Amino acid sequence: MQYDGFFKTQLDGLKEEGNYRIFADLERHAGDFPRATHYRNGRRNQVTVWCSNDYLGMGQNATVMDAMHEAIDLCGCGAGGTRNISGTNHYHVLLERELADLHQKESALLFTSGYVSNWAALSTLASKMPNCVVLSDAGNHASMIEGIRHSRAEKMLFRHNDPEDLDRKLATTAPGQPKLVAFESVYSMDGDVAPIKEICEVAKKHGAMTYLDEVHAVGLYGPRGGGIAEREGLMDQVDVIEGTLGKAFGVMGGYITGSTALCDFVRSFASGFIFTTALPPALAAGALTSIRHLKESSAERDRQKERVATVRARLDAVGIPHLANESHIVPVMVGDPVRCKQISDRLLEQHGIYVQPINYPTVPRGTERLRVTPSPLHSDADIDNLIGALVAIWAAVGLKEAA
């Protein structure tokens, strides 16, 4: 077999479909979010980022940066090993306590990313509980899907955000069989929000555990940034709350929270935790500071809500179609992969605006979009520039305004 030839043929297919991914080479400006320098073809241009998952700009927060500098001065750069072999730093211990408190759980466990926390926790729980069946929302993230697949447990898909379909699926399982219901609070591409209360009620009715991914909600919702479950007073109804430190908290890492026994079980059996180097102390220190700040401050959340509402209203005013939802994610719908990339390229090259095109397989074919994430630090002028650029480009690439 001509291996490289095979690889190139597959890549050519992606390019023809408009689904080939090109990374934007960016240099973020500390203290000046959402500005960045874009490097391309030997040139440097200043751009405004409109698609960052650093939703509140906490990756640029001065107190977070100070905490990371201090941790480097105290501890050096790396953790020095796995958590079991010399790699547990005091910052890790403090951060896990802070996360448990954030979600009002007995315990928490850190991972190197939100992807790894989902993969490791779900695969461990589902594989170790005998004859476990996993009920997975049809819209779940790839990290959850991979974790469930790796467990080799029986899996049932229930219709997206549909407690009634979940009820029907659970009713077919044996009464004493271990069952795990896995779902998200805010879904990253459509920005829709799960009916957490109803899902938990159905799960409890059938004796199932609940596993809630709050990665696109922690820091952003609830009086202390505990997510949608905190906002709705439901954290005590969920067995496992999983989150990330790399989005609204602005740093890096993932975690689960739950009972002491559950977290200790995952700590003791999850290969994705046991055999990987621990997070650098500086990252743990930065995340710890960010969480503590957002527990006390609602200013960032309030400002972001206003910015999101303003962007939506301006899009409506000019007839640019976007998905309605109650979250901070604004999907500007294009519906064609080639045009989606054309719009993204023109925004970047002609207007200094960076919004990554979202194409298949991240979203279904025919639902290609620009995923816009307004932050508290986007100014009125930034919004004017975004809307003006979209209006100028929309018709030029052969798209009609919304009715």
Worksheet item: Long-range amide H contacts for G253: which residues qualify at under 5 Å (H placed 1.01 Å from N, peptide plane, sequence gap of 5 or more or a different chain)?
Response: G114, L245, G246
Worksheet item: With a sphere of radius 15 Å drawn around the Cβ of V311, what net charge do the other residues whose Cβ falls strictly inside it have (Lys, Arg +1; Asp, Glu -1)?
Response: +1
Discussion item. Going by amide H atoms built from the backbone, whose H comes under 5 Å of the H on S107, apart from near neighbours?
Written reply: G258, T260
Worksheet item: Excluding S52 itself, what net charge comes from residues whose Cβ is under 12 Å from its Cβ, given Lys and Arg +1 and Asp and Glu -1?
Response: +3
Item to complete: Mind scanning K105/K128; K205/K305; K15/K305 and naming the pairs with a C-alpha gap bigger than 30 Å?
Response: K205/K305; K15/K305
Response to the item:
Dividing the helical contributions, -39500 (n - 2.57) per DSSP H run of n ≥ 4, by the residues of the chain yields a 222 nm value, nearest 500 deg cm²/dmol, of -13000 deg cm²/dmol
Response to the item:
Listed by chain and number, the residues whose amide H is under 5 Å from that of I353, excluding neighbours fewer than 5 places away on the same chain and using placed H, are T48, L348
Worksheet item: In nm, what is the difference between 0.36 nm times the number of residues separating F7 and E198 and their Cα-Cα distance?
Response: 64.2 nm
Worksheet item: If ligands, DNA and RNA are left out, what is the accessible area of F33 with a 1.4 Å probe, given in Å² to the nearest 10?
Response: 20 Å²
Discussion item. Explain nothing, just compute: Karplus ³J(HN,Hα) = 6.51 cos²θ - 1.76 cosθ + 1.60, θ = phi - 60°, for every residue of the range 364-379 in order, whole Hz, x for Gly and Pro.
Written reply: x, 4, x, 10, 4, 7, 9, 9, 9, 10, x, 10, x, 9, 7, 8
Discussion item. Please enumerate, by chain and number, the lysines with C-alpha under 20 Å from the C-alpha of K400, excluding those fewer than 8 residues away in the same chain.
Written reply: K341
Fill in: Centroid-to-centroid separation of the range 237-311 and the range 11-77 [C-alpha atoms, Å]
19 Å
Discussion item. With every protein chain left in place and a probe of 1.4 Å, what is the accessible surface of S123, to the nearest 10 Å²?
Written reply: 10 Å²
Item to complete: Name the shape class, rounded, prolate or oblate, that the alpha-carbon gyration tensor gives for the range 152-273, where a ≥ b ≥ c are the square roots of its eigenvalues, rounded holds for a/c under 1.5, and otherwise prolate holds if a/b is larger than b/c and oblate otherwise.
Response: oblate
Item to complete: Convert each backbone phi in the range 108-114 into a coupling constant with the Karplus relation 6.51 cos²θ - 1.76 cosθ + 1.60 (shift: θ = phi - 60°), then list the ³J(HN,Hα) values in order as whole Hz, x for Gly and Pro.
Response: 9, 9, 8, 10, 7, 7, x
Item to complete: Assuming a ≥ b ≥ c are the square roots of the Cα gyration tensor eigenvalues, decide whether the range 1-149 counts as rounded (a/c under 1.5), prolate (otherwise, with a/b larger than b/c) or oblate.
Response: oblate
Worksheet item: Once phi is turned into ³J(HN,Hα) by the Karplus curve 6.51 cos²θ - 1.76 cosθ + 1.60 with θ = phi - 60°, what whole-Hz value does each residue of the range 164-173 show in order, with x for glycine and proline?
Response: 5, 5, 4, 4, 5, 5, 5, 5, 8, 8
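The values are calculated or read from the model by the stated rules, or taken from the named source; none is laboratory data. Nothing here was measured: the structure is a model prediction, and the numbers come from that model. All Cβ positions, even for glycine, are placed from backbone atoms using ideal geometry, and neighbour counts span all protein chains on display. Keep in mind that these areas ignore ligands, DNA and RNA; they rest on the heavy atoms of the full protein, side chains included. Shrake-Rupley method; radii C 1.70, N 1.55, O 1.52, S 1.80 Å.
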